[in-house]
Amino acid sequence: MNGPAPVYLDYNATTPVDPAVVAAMGPYWTEQFFNPSSGYAEARAVREAVEAARTAVAALIGADPEGVVWTSGGTESDNWAIRGAWAYWSGRRTRVVISAIEHPAVAETAAALAAEGAEVVRLPVDATGVVRLDAAERLIDERTAVVSVMLANNEIGTIQPVAALARRARAVGAWVHTDAAQAVGKMPVDVDALGVDLLTVAGHKLYAPKGIGALYVRPGVPLGPWVRGGGQEGGRRSGTEPVPLIVGLGAAARLAQEWLAGPGPARQAALRDRLERRLLEAVEGARVFGREAPRLGNTLAWAAPGWTGAALLAACPGIRAGTGAACHGPAESPSATLEAMGVPREVARGLVRLSLGRSTSEDDVDRAAEALVLAVRRRT
Ligand SMILES: Cc1ncc(COP(=O)(O)O)c(C=O)c1O
């Protein structure tokens, strides 16, 4: 194969594992293989590595390390948070409030609870892709067991008013969960500023491996055990810890904290804006979704008129990006987020989801813009 490598602009789907993360994990596959629950010195050193990783993840989200529990990733954390809250309230509170733009890990969990008697309420979003607080005031009440609203949307990047939702939820005694899978590592996240009880972290969205994540559980929140067995993770999620993956997530959390404190985020947002400008200027009638709202600096949800996202990307073999809800499965389904925003179906079909990473360069962005614009012009 000749020619330049494809431009990867699908970092919201997943990130590569950072080489420094791979290096940090290295010894824990081989010589440091010991079970962290064993009693001898070598195992105690492995336990210390697990706890150092916990401290690093906690620091990234402004949490007490005691509140960080390892999971297999975002989906598991979301399932546990919502099911755990439902189990705690066990018939005493029957309402589960989510937003209309949640990832299926939340939406499908809530839908499953509906079959078990929950009254699932989906908070609407406005035309900019942000949850409507007026609706939240009305719909979050004393019947509510849990409110689960994502911090940043995976499709269009809009940042949700989680702190305000949490205030409302707390005023009526409900638990608050936020799926921060897309936010952690891309923007500052602080569990106390947000006022949440539960928060989801997904490793592979922040340059850690797939198969590791965390659920933040505010100390004192009586969330029941998720996996029972040998009592690891304070009895909350039993099973021998995947030490290399945990060490990897810890290393990724440290890198993310450094990146957030440096010039990276502003540089990334400037590149995203450059791409956005080009795609709006060169393609008549093109749309960018969520642009009027606070938005992740790496995300660009764009549509060209008369195209489906899949057809446009098929015409751009040098770009790796997402369409509709493609990351959820093989079928091409329209974006639930755009639907909730009231975007007409024929416009929503055009969605191309572009998301930048830490190493995305100006050249990457320019090559992607050129390819997309050329493809559109060739046909029109
Ligand atoms: C907002 C959001 N929540 C949850 C998930 C699921 O995370 P994981 O793939 O780690 O299970 C994703 C991944 O696409 C996501 O974007």
Problem set entry | FRET efficiency estimate (nearest 0.05) - Cβ-Cβ, Glu137 to Ala41, R0 56 angstrom | 0.50
Problem set entry | Mean-position separation - Cα centroids, the range 213-233 and the range 104-134, in angstrom | 24
For this session: In whole angstrom, note down how far apart the Cα centers of the range 19-76 and the range 139-186 are.
Result: 28
Exercise. Of the residues Asn35, Asn298, Asn154, which exhibits the maximal mean-square fluctuation in a Gaussian network model of the chain defined by a 10 Å Cα contact cut-off?
Worked result: Asn35
Problem set entry | Footprinting exposure proxy for Arg277, Arg254, Arg295 (fewest neighbouring C-beta atoms within 10 Å first) | Arg277, Arg254, Arg295
Seminar exercise, completed: Two pseudo-spin positions, 7 Å from Cα along C-beta at Leu374 and at Ala87, lie apart in nanometres by 5.5
Exercise. Would you list Leu356, Leu260 from fewest to most Cβ contacts within 10 Å?
Worked result: Leu260, Leu356
Exercise. Mind checking the dipole of the chain: about its Cα centre, +1 per Lys or Arg Cβ, -1 per Asp or Glu Cβ, Debye to the nearest 20?
Worked result: 440
Exercise. In what sequence do Asp197, Asp366 fall when counting other Cβ within 10 Å, fewest first?
Worked result: Asp366, Asp197
Problem set entry | In order through the range 195-204: 3J(HN,Hα) via Karplus (6.51 cos²θ - 1.76 cosθ + 1.60), integer Hz, x for Gly, Pro | x, 8, 8, 9, 8, 9, 10, 10, x, 6
Exercise. Which of rounded, prolate, oblate describes the range 157-210, given a ≥ b ≥ c as roots of the alpha-carbon gyration tensor eigenvalues and a/c under 1.5 marking rounded, otherwise prolate only if a/b is larger than b/c?
Worked result: prolate
For this session: Could you calculate the FRET efficiency of Thr30 with Arg228 from 1/(1 + (r/R0)^6), where r is the beta carbon distance between them and R0 is 30 Å, rounded to 0.05?
Result: 0.45
Seminar exercise, completed: Honestly the range 106-181 on the Cα gyration tensor test (a ≥ b ≥ c root eigenvalues; a/c under 1.5 rounded, otherwise a/b vs b/c for prolate or oblate) is just oblate
Seminar exercise, completed: Computed Rg/Rh for the range 223-303 (Cα atoms; Rh = Kirkwood radius) stands at 1.25
Problem set entry | Calculated from backbone phi, Karplus (6.51, -1.76, 1.60) coupling profile of the range 19-27 in Hz, x at Gly/Pro | x, 5, 6, 4, 5, 5, 6, x, x
Problem set entry | Residues in the range 113-137 that a label on Glu292 would reach, taking backbone N under 19 Å of a point 7 Å out along Cα→Cβ | 124-136
For this session: State the antiparallel share, in %, of DSSP beta bridges confined to the range 19-259, rounding to the nearest 5.
Result: 40
Problem set entry | Most mobile listed residue (Gln268, Gln32, Gln257) in the chain, GNM with C-alpha springs under 10 Å | Gln32
Exercise. Taking the chain as a Gaussian network, where each spring joins two C-alpha atoms under 10 Å apart, which residue of Trp175, Trp29, Trp86 fluctuates the most?
Worked result: Trp29
Seminar exercise, completed: For the chain, the Cα convex hull volume per residue in Å³ comes to 140
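All of the numbers you see were taken from the coordinates with simple rules; none came from a lab. All of these numbers come straight from a predicted model, not from anything done at the bench. Positions of Cβ are backbone-derived with ideal geometry, glycine not excepted, and every protein chain shown enters the neighbour counts.
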